[in-house]
1. Go through region 63-81 and give me each residue that's touching a residue at least 24 places away in the same chain (Cβ under 8 Å) and touching a helix residue (DSSP H, G or I) at 6+ places or on another chain (Cβ under 8 Å).
2. Look through 47, 30 and report the one residue that is out of contact with any helix residue (DSSP H, G or I) (no Cβ under 9 Å at 6 or more places or on another chain), closer than 25 Å to residue 6 by Cα and part of a loop (DSSP other than H, G, I, E, B).
3. I need the full set of residues from region 17-35 which are surrounded by 11 or more Cβ atoms within 10 Å (Cβ to Cβ) and either closer than 19 Å to residue 77 by Cβ or within 10 Å of the chain's Cα centre (by Cα) (or both), in order please.
4. Suppose we keep only residues that are closer than 17 Å to residue 34 by Cα and touching a residue at least 40 places away in the same chain (Cβ under 8 Å) within region 3-16. Which one would you say is nearest to the chain's Cα centre (by Cα)?
5. Check whether at least one residue in region 88-97 is modelled with pLDDT under 95 and part of a loop (DSSP other than H, G, I, E, B), and report yes or no.
6. Restricting to region 4-15, name every residue that is in a loop (DSSP other than H, G, I, E, B) and either surrounded by 12 or more Cβ atoms within 10 Å (Cβ to Cβ) or on the phi > 0 side of the Ramachandran plot (or both).
7. State all residues of region 50-63 that are closer than 14 Å to residue 10 by Cβ and outside any helix (DSSP H, G or I); if no residue qualifies, say none.
């Protein structure tokens with residue numbers, strides 16, 4: 001799954017892909033993308049995100065089975081050090097034109 005940030009806002013893409021997580025900026029930079037609560041850029045290559053925002057953005061796709069897979073993804077991230085002390089998920093930032 002990935003978050004797509006454009007000048008129009010944010011969207012959750014490929015929500016059933018639990019094998020990867022990234023933030024894609026299309027046509028914008030980290031300083032010009034619309035604000036998204038609970039997303040903090042950490043330089044140009046990474047960002048931290050509160051997982052609850054992903055749940056909100058998933059909307060109706062976040063049924064019980066989806067939530068179980070999402071929790072597994074978060075557990076994997078925790079085991080590999082890809083979360084901070086607040087439990088925010090670290091994602092690679094990809095910039096596309």
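The values are calculated or read from the model by the stated rules, or taken from the named source; none is laboratory data. Keep in mind the model is a prediction, meaning the values are calculated, not measured. Cβ: placed from backbone, ideal geometry, glycine included. Neighbour counts: every protein chain shown.
1. 66, 70, listed by residue number.
2. The conditions single out 30.
3. Start the filter on region 17-35 by keeping residues that are surrounded by 11 or more Cβ atoms within 10 Å (Cβ to Cβ), which leaves 17-18, 20-30, 33-34.
Residues satisfying the conditions are 17, 18, 20, 21, 22, 23, 24.
4. Ranking the candidates gives 3 first.
5. Scanning region 88-97 turns up at least one residue that is modelled with pLDDT under 95 and part of a loop (DSSP other than H, G, I, E, B).
6. 14, 15
7. Hit for region 50-63 is 50, nothing else.
Conditions (1) in contact with a strand residue (DSSP E or B) (Cβ under 8 Å, 6 or more places away or on another chain); (2) at pLDDT below 95; (3) within 20 Å of residue 15 (Cβ to Cβ), marked per residue:
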site	(1), (2), (3)
30	yes, yes, no
35	no, yes, no
45	yes, yes, no
65	no, no, yes
69	no, no, yes
75	no, no, yes
